[in-house]
Structure formats: structure tokens, C-alpha cells
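Structure first, then comments.
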Amino acid sequence: MTATPPGPQPHVLERIFVSANRWALIALLAVMAVLVIGNVISRYVFSHSFTWVEEATRYMMIWSAFLGAGPALRVGGHIAIDTLPSSLPTSGARALRALVTLIMGATLVAMVWLGIEYADFAWYQESPVLGWSLGIVYLALPVGACLTLIHLALVARAWIVGGEWERVEGFDPQAL
């Protein structure tokens, strides 16, 4: 699967950023799959379950959700209602998309700010099984929101002007 945005090719730093985000997601999901499958096999073959696997994979799933929000945004994979913009004249649709982009940006900035405060608040709380700082788990919110804000900044102009998201070969979020 290769991304092919409408218009000019993205800058090399943007490609590196998107690729790093995707590989982090791939790594998290791969580790989660190995841990869960290994734990299931261990439970049924050896009658032994590793209690820490469930907690670790839950925290990895939280990180995956927040790290995956930006790549989903790039392709228009989030829930959206486009009836109003599609019924407006071009200039009105652009103005509405610009307003929506500003609201999304402001929301993401608030999520970064409040997420940092929440992670700081939870930093000295420990998870029940692994004893990890819950602040590390809660850092998924500001980190994911910050990455999503960067993704938004990178695709905002094309979306506001043309109403199009990035295209990924073999993937159509509208068909889901």
C-alpha cells in the first residue's frame, strides 16, 4: 500500500514522518499479536497464563489508538458528515472546511495541553500487575494528539482547497 496524495508529492520530511508513524503502529500491533497469541497457546497447551500480557497489551492498544489517529485523519478515515459542504458553492465549502480544520486544530491543542496535565497527575500511580507508571500510559493522549495535529497541518491545505484526502492504493475509507 502506497499513499498517493492529490497534487504534488509530499516533502521528504513528511514522508519520513508518516513512515515512522506507520512503522510504530505496525510494531505495536505485531508485538500485541505475538503476546496475545503466545499467551493463548501457553494457556491451552501448558495450562499457564501470563498475567502481565493482558495489562501490557491493553496499554499498547491505547497507544495504538492514539498513534493511529493521525494516519486515519490523512485518508479521511474518521467519521464525518459531508452533506453540508457538498451542497454549498465552492467558496462556502472551502470556508466551512477551514472552520472545521480550525476547530479540529483547537481541539487537538487542548488535548495536548490537558493530556500533559493528566499524565503528570498520574505519573506516580502504578499499574496493578506490571508496576508501570500510569503516566506513561496517559502520555499516549498528548503524544497522539500532537502527532495528529502535525498530520492535520500537513494535509489541511489540500483538504480545505479541494475537499480531498490522501489516497492510499487499495484502501477507501468511504467504502467501509
Notebook entry, point to check: Within region 98-124, how many residues are over 24 Å from PHE17 (Cα atoms) and either outside any helix (DSSP H, G or I) or touching a Pro at 6+ places or on another chain (Cβ under 6 Å) (or both)?
Noted result: 2
Next item on the list: Could you please find all residues in region 38-65 being in a helix (DSSP H, G or I), surrounded by 11 or more Cβ atoms within 10 Å (Cβ to Cβ) and among the hydrophobic types (A, V, I, L, M, F, W, C)?
Entry: VAL40, TRP52, VAL53, ALA56, MET60, MET61, ILE62, TRP63, ALA65
Item checked: Residue in region 38-93 that is nearest to the chain's Cα centre (by Cα), counting only those that are under 24 Å from LEU25 (Cα atoms) and of a type in the set (D, E, K, R) -> ARG74
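Against the definition (surrounded by 12 or more Cβ atoms within 10 Å (Cβ to Cβ) and assigned to a helix (DSSP H, G or I)), how does LEU130 come out, yes or no?
Numbers: surrounded by 12 or more Cβ atoms within 10 Å (Cβ to Cβ): yes; assigned to a helix (DSSP H, G or I): no.
Answer is no for this residue.
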Checklist line | Single unsatisfied condition, SER64 versus (1) touching a Pro at 6+ places or on another chain (Cβ under 6 Å); (2) at pLDDT 90 or above | finding: (1)
Check: Taking the condition in contact (Cβ under 8 Å) with a residue 12 or more places away in the chain, within 21 Å of ALA156 (Cα to Cα) and outside any helix (DSSP H, G or I), does GLY68 pass?
Finding: no
Next item on the list: Return yes when ALA119 is loosely packed, with under 13 Cβ neighbours inside 10 Å, closer than 30 Å to THR57 by Cα and without any contact (Cβ under 8 Å) to a residue 60 or more places away in the chain and no when it is not.
Entry: no
Item checked: Set LEU114, LEU102, LEU88: member being surrounded by 13 or more Cβ atoms within 10 Å (Cβ to Cβ), at pLDDT 95 or above and among the aliphatic types (A, V, I, L, M) -> LEU114
Check: Of all residues in region 137-172, how many are in contact (Cβ under 8 Å) with a residue 12 or more places away in the chain, part of a helix (DSSP H, G or I) and not small (Gly, Ala, Ser)?
Finding: 17
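The values are calculated or read from the model by the stated rules, or taken from the named source; none is laboratory data. Just so we're clear, the structure is a prediction, and the values are computed from it rather than from any experiment. So basically every Cβ, Gly included, is an ideal-geometry build from the backbone, and we count neighbours across all protein chains shown.
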